[in-house]
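All remarks here apply to the structure that follows.
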Amino acid sequence: MKLAPFYERIGAFLEGKSGLTETRVALYGTPPPEESKRLAIYERFCREHRNTATGGVHQEVRALVTAQQGEPAWRQLVEDYFALHPMQHVEINENGAQLAAFLAGRGEALWSALADFEWWEWQTLSALDDPLDARPDEGPLRLGATVELRPYAWNLVSWLDAPQRAPLPPEEDVLVLFWRNRRLDSRRAVATQADLVVLKQVSEGLPVTRDDVFDDLHAAGIVLGAE
């Protein structure tokens with residue numbers, strides 16, 4: 001068999017798009033040799049690799065799906081996701097970038113919101129350092145390079161941080177701030193209305209109200225600079 005058709009057939013198999021039996025026949029003919037059953041080893045390896053590519057970042061999504069529908073449902077969800085979004089990125093976690101959109105497309109709004117939340121936690125943690133952030137008390141007032149503001153219809157922060165977590169998060173429209181603090185630790189918090197006023201002033205270059213809210217945001221590493 002020439003290389004092009006071989007890779008076409010083995011590629012679909014390794015991506016979970018074709019099964020073991022049909023792949024054995026496609027590669028080796030009928031009846032396939034007994035040793036071709038060894039392909040099952042690669043099938044298991046690739047399946048676990050796909051599961052790792054989502055489970056590393058989206059641990060809470062996996063836990064919620066499993067609690068509501070069982071482990072097989074999560075496994076099938078992963079297979080369905082990668083059938084539409086085959087792995088292409090060398091950084092394994094980046095291959096889960098479309099999971100939130102994928103879940104939204106299936107009508108799973110809560111799962112999608114939680115997937116987005118966990119994605120931005122990881123994006124904040126893994127973002128490249130900005131040289132300007134290394135001088136937080138110098139230069140013009142600005143937002144830290146890792147600051148991200150995301151809307152959610154559930155208060156995922158209070159739910160995830162609760163000492164005794166309820167089965168589901170409370171429904172509440174919130175805006176969540178993601179950022180790295182001055183020690184480069186990943187942080188997230190629900191933004192208050194007062195926070196939003198300061199963030200708007202800083203991001204749009206407006207006169208800034210220097211009050212306790214501003215001081216807290218500056219100390220946290222969300223707002224940087226001095227001028």
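The values are calculated or read from the model by the stated rules, or taken from the named source; none is laboratory data. Because the structure is predicted, anything quoted here is derived from the model rather than measured. Quick reminder, even Gly has a Cβ in these numbers, built from the backbone with ideal geometry, and neighbours come from all protein chains shown. Areas reflect the complete protein model, heavy atoms only, side chains present, ligands, DNA and RNA absent. Shrake-Rupley method; radii C 1.70, N 1.55, O 1.52, S 1.80 Å.
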Could you please let me know if Asp137 is in a loop (DSSP other than H, G, I, E, B), exposed (fewer than 15 other Cβ atoms within 10 Å of the Cβ) and out of contact with any Cys (no Cβ under 8 Å at 6 or more places or on another chain)?
yes
Name every residue in region 110-140 that is touching a strand residue (DSSP E or B) at 6+ places or on another chain (Cβ under 7 Å) and at pLDDT 95 or above, in order of residue number.
Leu110, Ala113, Asp116, Phe117, Trp120, Glu121, Thr124
Top-ranked residue of region 195-213 - restricted to ones that are open to solvent by less than 60 Å² (accessible area, probe 1.4 Å) and β-branched (Val, Ile, Thr), ranked as farthest from Arg142 (Cα to Cα)
Val213
In region 89-108, residue farthest from Arg188 (Cα to Cα) [restricted to those that are part of a helix (DSSP H, G or I) and open to solvent by 60 Å² or more (accessible area, probe 1.4 Å)]:
Gly105
List pairs: first in region 75-98 and farther than 14 Å from Ala115 by Cβ, second of a type in the set (S, T, N, Q) and in a helix (DSSP H, G or I), Cβ under 6 Å, 6+ apart or cross-chain?
Met87/Asn95; His89/Asn95
